[in-house]
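Below is one structure; the comments refer to it alone.
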Amino acid sequence: MHIVIMGCGRVGSTLAHILEDRGNSVAVIDKNPDAFRKLGSAFKGDRVTGIGFDRAVLIQAGIERTDAFAAVSSGDNSNIISARVVRETFGVERVAARIYDPRRAEVYERLGIPTVATVRWTADQMLRKLLPEEGEPLWRDPTGKIALAEVAFSPSWIGEQVRALEGSTQTRIAFIDRLGEAFVPDDGTVLQEGDVVHVIAGQDGLDRIAAAFATRGGER
């Protein structure tokens, strides 16, 4: 794959190296040529100096043959404008933009532009570590109706098969994180202490699911 990244800060440079290490060709755009120092001498991809929503700059970076585009500069406006130009002018389907303002992120998600709301994402991650039973969903679809969420379960469920939990709570478990390894459970999977359960459900049903997971047969 060929991937274009706009913004060569810590996120952009790290992303560039990860993608290149996985066998992709990468081009990085930044208006400040000094920013490319973060890439180091090991980076084999293209370094393109310019504005990320300038068509000529994008073409120089190979946007006409790109498979994906990431806008991760420090400016919300630049990121979203670049993402829209790449999607609407060049027809690139895999586009993502980093947005600091969570309110803007929600608007652009509804317009069909995938975003990563940096501040909100970090806050949500902290919530999930501190208060797992109150954390925000990991993911929502653009309409906000479907969510993927981590849900804490009562210790009374430990030792029971996943299908028993699903059947009792009318819930679909998407995956389980066990000792840092994620996997999709099958009918024979048994819940263990320390398992982190993730469910996929309608946004309006998450409170009901959390309550059902928190109790079993009157126990908590």
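Quick look at the values:
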quantity: Filter pass, Glu20 being farther than 13 Å from Ile5 by Cβ, modelled with pLDDT under 95 and not assigned by TED's automatic domain parsing to the domain that holds Val196; calculated: no
quantity: From Ile5, Ile51, residue being in contact (Cβ under 8 Å) with a residue 24 or more places away in the chain and either of a type in the set (Lys, Arg) or touching a Lys or Arg at 6+ places or on another chain (Cβ under 8 Å) (or both); calculated: Ile51
quantity: Qualifying residue in region 90-98 (condition: more than 22 Å from the chain's Cα centre (by Cα) and either touching a residue at least 40 places away in the same chain (Cβ under 8 Å) or in the same structural domain as Lys31 (by TED's automatic domain parsing) (or both)); calculated: yes
quantity: Of all residues in region 51-71 being among the aliphatic types (A, V, I, L, M) and surrounded by fewer than 16 Cβ atoms within 10 Å (Cβ to Cβ), the one that is farthest from the chain's Cα centre (by Cα); calculated: Ala56
quantity: Selection status of Val107, outside any loop (DSSP other than H, G, I, E, B), assigned by TED's automatic domain parsing to the domain that holds Val26 and β-branched (Val, Ile, Thr); calculated: yes
quantity: Positions within region 14-45 being surrounded by 17 or more Cβ atoms within 10 Å (Cβ to Cβ) and hydroxyl-bearing (Ser, Thr, Tyr), in sequence order; calculated: Ser25
quantity: Residue ID - nearest to Ala105 (Cα to Cα), chosen from residues in region 143-199 that are hydroxyl-bearing (Ser, Thr, Tyr) and modelled with pLDDT of 90 or more; calculated: Thr189
quantity: Sole residue being in a helix (DSSP H, G or I) and buried (at least 17 other Cβ atoms within 10 Å of the Cβ), chosen from Val48, Val11; calculated: Val11
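The values are calculated or read from the model by the stated rules, or taken from the named source; none is laboratory data. Quick caveat, the model's predicted, so the values are computed rather than measured. As a convention, Cβ positions derive from the backbone with ideal geometry for all residues, glycine included, and neighbour counts pool all protein chains shown.
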